[in-house]
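To keep things clear, I will list the structure first and then write my remarks on it.
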Amino acid sequence: MAVAIVTGASKGLGRALAHALAGRGWDLVLDARTAEVLEEAAADVRAAHGTRVVALPGDVRDAGHRRELVAAARGLGGLDLLVNNASALGAAPLVRLAEQPLEGLREALETNVLAVLGLVREGLPSLRESGAGTVVVVSSDAAVEAYGTWGGYGASKAAADHLAAVLAVEEPGLRVWAVDPGDMETDLYTAAEPEGAGGRPAPETVVPGFLALLDGRPASGRYGVAGSVPGSGSVPGSVESVR
């Protein structure tokens with residue numbers, strides 16, 4: 001049975017991906033910082049799909065927690081897929097760079113870049129052994145576009161994208177995808193821009209694009225997956241290379 005680690009899995013995109021993977025028979029190790037919310041999400045996935053789900057609350061910035069996540073995956077049989085979804089904004093609401101708190105930027109870099117590399121390094125032996133080892137780094141269009149107030153967060157995501165690109169060169173036996181899900185109606189986006197909340201696609205609408213990547217296993221690179229607002233006429237499940 002295939003095994004995946006999904007970080008930031010208590011709600012939003014992480015929780016939606018957990019349901020989708022479990023629905024395909026994947027066993028899961030789920031991470032989030034708030035224990036009770038994570039356990040509720042894990043219980044919901046178990047009840048809906050009957051797969052093995054390990055919930056490990058903690059902070060991905062903590063090396064001991066990262067070791068626990070990979071050890072739990074090995075306990076389920078190995079590690080085939082690592083989804084780096086946990087993210088930090090660096091300021092909430094977002095602010096212009098002139099007001100960007102450096103401690104906030106440090107948190108964003110530690111969560112969105114250093115923790116990603118740390119978890120990848122911890123999981124590499126198992127990913128290599130998988131035969132179909134895959135790393136997903138959840139990115140953002142703020143990594144490649146200059147949006148006012150998104151500078152700190154965008155810089156951290158741009159750095160994560162580059163880590164993913166280099167990892168793909170250094171680990172040709174793996175698939176490494178930086179995946180831009182676009183705008184979604186999540187707590188993170190609401191915290192980033194409270195006045196703009198509402199009207200965005202639900203996280204569930206971008207999940208088919210992630211699944212299409214897993215099914216097609218295209219070359220390592222940066223991809224956009226399209227979501228849709230109900231009634232918009234958009235077709236979910238499309239994947240666009242944006243390398």
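Values as computed for the structure displayed
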read-out	value
Region 207-226, residues that are in a helix (DSSP H, G or I) and not aliphatic (A, V, I, L, M)	PRO208, GLY209, PHE210, ASP215, GLY216
Scan of region 128-187 for residues that are of a type in the set (Gly, Ala, Ser), surrounded by 21 or more Cβ atoms within 10 Å (Cβ to Cβ), out of contact with any strand residue (DSSP E or B) (no Cβ under 7 Å at 6 or more places or on another chain) and assigned to a loop (DSSP other than H, G, I, E, B), ordered by number	GLY133
Test: residue in region 117-127 that is of a type in the set (A, V, I, L, M, F, W, C), surrounded by fewer than 19 Cβ atoms within 10 Å (Cβ to Cβ) and over 30 Å from MET1 (Cα atoms)	no
Pair list, Cβ < 6 Å and 6+ apart or interchain, from region 5-32 residues that are within 11 Å of ARG52 (Cα to Cα) to residues that are part of a loop (DSSP other than H, G, I, E, B) and of a type in the set (Val, Ile, Thr)	ALA22/THR51; ASP27/THR51
Where a residue in region 50-78 is crowded, with 17+ Cβ neighbours inside 10 Å and its partner, wherever it lies, is in a helix (DSSP H, G or I) and at pLDDT below 95, with Cβ under 9 Å and at least six apart	none
Test: residue in region 104-124 that is closer than 23 Å to GLY224 by Cβ, among the hydroxyl-bearing types (Ser, Thr, Tyr) and not in a helix (DSSP H, G or I)	no
Candidates LEU81, LEU76, LEU97, LEU38 - the one that is touching a Gly at 6+ places or on another chain (Cβ under 7 Å) and of a type in the set (A, V, I, L, M, F, W, C)	LEU97
Residue match in region 82-90 (condition: touching a residue at least 60 places away in the same chain (Cβ under 8 Å), over 16 Å from LEU188 (Cα atoms) and out of contact with any Cys (no Cβ under 9 Å at 6 or more places or on another chain))	yes
Boolean, SER140 is among the polar types (S, T, N, Q), within 13 Å of VAL116 (Cα to Cα) and either modelled with pLDDT of 95 or more or touching an Asp or Glu at 6+ places or on another chain (Cβ under 6 Å) (or both)	no
Scope region 175-201; condition under 16 Å from the mean Cα position of the chain (by Cα) and without any contact (Cβ under 8 Å) to a residue 60 or more places away in the chain; matching residues	ARG175, VAL176, TRP177, ALA178, VAL179, GLY182, ASP183, GLU185, TYR189
Top-ranked residue in region 91-124 [being free of Cβ contacts under 8 Å to residues at least 24 places away in the same chain and basic (Lys, Arg); ranked as farthest from ASP31 (Cα to Cα)]	ARG106
TYR147, sole failed condition from (1) farther than 30 Å from LEU97 by Cα; (2) at pLDDT 90 or above	(1)
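The values are calculated or read from the model by the stated rules, or taken from the named source; none is laboratory data. Worth saying up front: this structure is predicted, and the values here are computed from it rather than measured. Note: ideal-geometry Cβ built from the backbone for every residue, glycine included; neighbour counts use all protein chains shown.
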